[in-house]
Amino acid sequence: MAKWLFWILMASTILLRADTPSGEDLIRKIAARDKILVERRRAFDYDVAIMREKLNEDGSVASSETETVTMRGNVSPSYHTRDGDKDKPEEEAKQQSREEPFELLKIIDHYTYTVEGEETVDGVDCWRIHFVPKPDMPYDNREEKVLNNTNGYIWASKTDYSLIRNQGSLMHPVSVAWVFATLEKMSFRFDAMPMPNGDYGPGKLVYSYFVDTIFFDMRERDTRKMSNYRAHSE
């Protein structure tokens, strides 16, 4: 009896593994789904509450500023990450450190993906996928350079492959502004939220970084909360 039970358990395990898709297959379905959702979100406007916190060395908040902006559905989101003054080293460092490393779905071939199992996130049954950068990948801008040195996890809906959560961190320091500035630490977490049409769209994004330069240090945490999705109005 015990021997039969052993073989039944073994067969169940094999079947479960056979039903688990590969990481590469999943990520391509997630990227395809994301393109569809981006287009569908053009039908909606939404509000974004932004908090920017300057941090001390121990992680405590030194100062903060907040603002709320309205994002139009037919306009690509912009958080002013590329408007630094290149004639001023501090502004250039700020600009380059804020090149946001969240859109890894644009360079999916730069990573190796491993499905680590199933997990429920905010009530959604998800695949949990670990991503690790491949070595020596090319990059076209600073954002991609940072992404090429970032690992983390993606949670995607098992039902329709919608991105539900994405989080990652820098694996080691990366030069971001010529030779005088280094992104020492960086981490992010993105959480989706249900929209009025049933899709999942951006819900909350938290991004922290520490930049070390020969002139000064910068530690900052940006938090963005999206709300009030509504039909786009002209």
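Exactly one residue out of D217, D136, D222 is on the phi > 0 side of the Ramachandran plot and modelled with pLDDT under 95: that is D136. What are the residues in region 135-152 that are under 20 Å from R28 (Cα atoms) and touching a strand residue (DSSP E or B) at 6+ places or on another chain (Cβ under 6 Å), if any? Answer for region 135-152, where residues must be under 20 Å from R28 (Cα atoms) and touching a strand residue (DSSP E or B) at 6+ places or on another chain (Cβ under 6 Å): N148, T150, N151, G152. Exactly one residue among K3, K29 is at pLDDT 50 or above and more than 25 Å from Y161 (Cβ to Cβ), and that residue is K3. Which residue, of N197, N166, is on the phi < 0 side of the Ramachandran plot and over 17 Å from the mean Cα position of the chain (by Cα)? Testing whether each residue is on the phi < 0 side of the Ramachandran plot and over 17 Å from the mean Cα position of the chain (by Cα) leaves just N197.
Got a number for residues in region 196-234 being under 15 Å from L183 (Cβ atoms), part of a loop (DSSP other than H, G, I, E, B) and out of contact with any helix residue (DSSP H, G or I) (no Cβ under 8 Å at 6 or more places or on another chain)? The qualifying residues number 1. The residues in region 145-162 that are touching a helix residue (DSSP H, G or I) at 6+ places or on another chain (Cβ under 6 Å) and outside any loop (DSSP other than H, G, I, E, B) can be counted, and the count is 2. Taking region 177-207 only, how many residues are surrounded by fewer than 18 Cβ atoms within 10 Å (Cβ to Cβ), of a type in the set (A, V, I, L, M, F, W, C) and modelled with pLDDT of 90 or more? So the count comes out to 2.
Counting residues in region 79-86 that are surrounded by 11 or more Cβ atoms within 10 Å (Cβ to Cβ), at pLDDT 50 or above and within 18 Å of the chain's Cα centre (by Cα) gives zero.
Every test in (1) closer than 29 Å to L26 by Cα; (2) surrounded by fewer than 20 Cβ atoms within 10 Å (Cβ to Cβ) is passed by W155 save one, and that test is (2). The condition (being modelled with pLDDT under 90, buried (at least 17 other Cβ atoms within 10 Å of the Cβ), outside any helix (DSSP H, G or I) and touching a helix residue (DSSP H, G or I) at 6+ places or on another chain (Cβ under 9 Å)) is satisfied by just one residue among P21, P101: P101. Every condition in (1) at pLDDT below 50; (2) of a type in the set (G, A, S); (3) not in a helix (DSSP H, G or I) is met by A93 except one, and the failing one is (3).
Scanning region 221-234 for residues that are touching a residue at least 60 places away in the same chain (Cβ under 8 Å) and surrounded by fewer than 19 Cβ atoms within 10 Å (Cβ to Cβ) gives R221, D222, T223, K225, S227, N228, R230, A231, H232, S233. Remark: pairs (first residue in region 121-139, within 30 Å of G198 (Cα to Cα); second residue aromatic (F, W, Y); Cβ separation under 6 Å; 6+ apart in sequence or on different chains) = V121/W155; C126/W155; R128/W155; I129/Y113; H130/Y153; F131/Y111; F131/Y113. Taking the stated definitions as given, is Y161 crowded, with 19+ Cβ neighbours inside 10 Å, in contact (Cβ under 8 Å) with a residue 60 or more places away in the chain, on the phi > 0 side of the Ramachandran plot and in contact with a strand residue (DSSP E or B) (Cβ under 9 Å, 6 or more places away or on another chain)? Taking the combined requirement at face value, the residue satisfies it.
The values are calculated or read from the model by the stated rules, or taken from the named source; none is laboratory data. In this text the structure is predicted, and so the values were computed from the model without any measurement. Here the Cβ is made from the backbone with ideal geometry for all residues, glycine too, and neighbour counts use every protein chain on show.
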